[in-house]
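Values in this text are rule-based calculations from the coordinates and carry no lab data. Source: prediction; values computed, not measured. Quick reminder, even Gly has a Cβ in these numbers, built from the backbone with ideal geometry, and neighbours come from all protein chains shown.
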Amino acid sequence: MTAQDISPPPGKYRLTVDDYLTLFEAGAFEGLRTELIEGDIIVMSPQYRPHGVIKMGLYDALRDRLKELGSPLTPLVEVSLALDEHSLPDPDLLLTSEPRGAGPVPLSSVGLVIEVAASSRAKDMGAKVALYARHEVPEYWVVDVTDRVIHQMWSPAEGSYAEQRETAFGSAITAATIPGLTVETATL
């Protein structure tokens, strides 16, 4: 038997999360920020100051408001989210009821996922909408740094979100799926 007899046929192969983590632990992505989406390794863009300031401003506002509400949800920054065997995204922010523990955040604990989009707007408003909706993330926000608007989506159905609205920076945004969660965006 030759290697050609046991080799898979030519073509594109989707990595699993286990494959991705093996490569990561072996140092294959050293110095790079990556995530696994639909079996593809995505190298993420650098994060510049506007992205970082907005992300941390939202984190602070969400953390403070969730504490005021006595909510079981906690905001986390850039942690891996376990979606399925081929996707392990690292959203900019997410709200989870299980902030502690080993490994990625379990999907069942997530109430909201937020991506801050500067150079990633097309991906965040396209492939990631479909990805998060298909996995029934209850609510998804894309914070558009360039247009200074937050695209808010909820009611996942058939690979998209049935409900959507936009909130301009400077206005308060109210979560559609988390009772009482309203945050001001004036400082973004």
Lysines whose Cα lies under 29 Å from that of Lys12, excluding same-chain neighbours fewer than 8 positions away: Lys123, Lys128
In whole angstrom, largest first, the equivalent ellipsoid semi-axes that the Cα gyration tensor gives for the range 91-152 are 22, 12, 10
Share of antiparallel DSSP beta bridges in the range 76-152, in percent to the nearest 5? 60 percent
Karplus-derived 3J(HN,Hα), 6.51/-1.76/1.60, for each residue of the range 83-100, Hz, glycine and proline x: 9, 7, 6, 10, 9, 9, x, 10, x, 4, 9, 8, 10, 9, 8, 10, x, 9
Apply the a/c threshold of 1.5 to the C-alpha gyration tensor of the range 1-60 and tell me whether it is rounded, prolate or oblate. prolate
Taking 0.36 nm per intervening residue step and subtracting the Cα-Cα distance, what contour gain separates Asp18 from Arg63 on full extension? 13.0 nm
Top mean-square fluctuation among Gly101, Gly39, Gly170, Gaussian network model of the chain, C-alpha springs under 10 Å? Gly101
Mind pulling the angle between the C-alpha long axis of helix 49-69 and the longest principal axis of the chain? Nearest 10 degrees, somewhere in 0 to 90. 60 degrees
Rounded to the nearest 5, the percent of antiparallel DSSP beta bridges in the chain equals 80 percent
Before rounding to the nearest 500, sum -39500 (n - 2.57) across all DSSP H runs of length at least 4 in the chain and divide by the residue total; then give [θ] at 222 nm in deg cm²/dmol. -7000 deg cm²/dmol
Once you list every other residue whose beta carbon is under 11 Å from the beta carbon of Ile42, what net charge do they have if Lys and Arg are +1 and Asp and Glu are -1? -1
Label-point separation (nm) for Met56 and Ile41, each offset 7 Å from Cα along Cα-to-Cβ? 3.0 nm
To the nearest 0.05, what FRET efficiency results for Ser108 and Ser7 with a Förster distance of 35 Å applied to their C-beta separation? 0.35
Whole-Å distance linking the alpha carbon centroid of the range 68-93 with that of the range 142-188 is 17 Å
Using a/c under 1.5 as the rounded threshold, could you call the chain rounded, prolate or oblate? The axes a ≥ b ≥ c are square roots of the C-alpha gyration tensor eigenvalues, and prolate needs a/b larger than b/c, oblate otherwise. prolate
Highest GNM mean-square fluctuation, the chain, Cα pairs closer than 10 Å: which of Leu58, Leu83, Leu69? Leu69
Please give every one of the lysines within straight-line cross-link reach of Lys67, meaning a C-alpha to C-alpha distance under 20 Å, and leave out same-chain neighbours fewer than 8 residues apart. Lys55
Net length gained if the chain between Arg100 and Val77 were fully extended (0.36 nm per residue, minus Cα distance): 7.0 nm
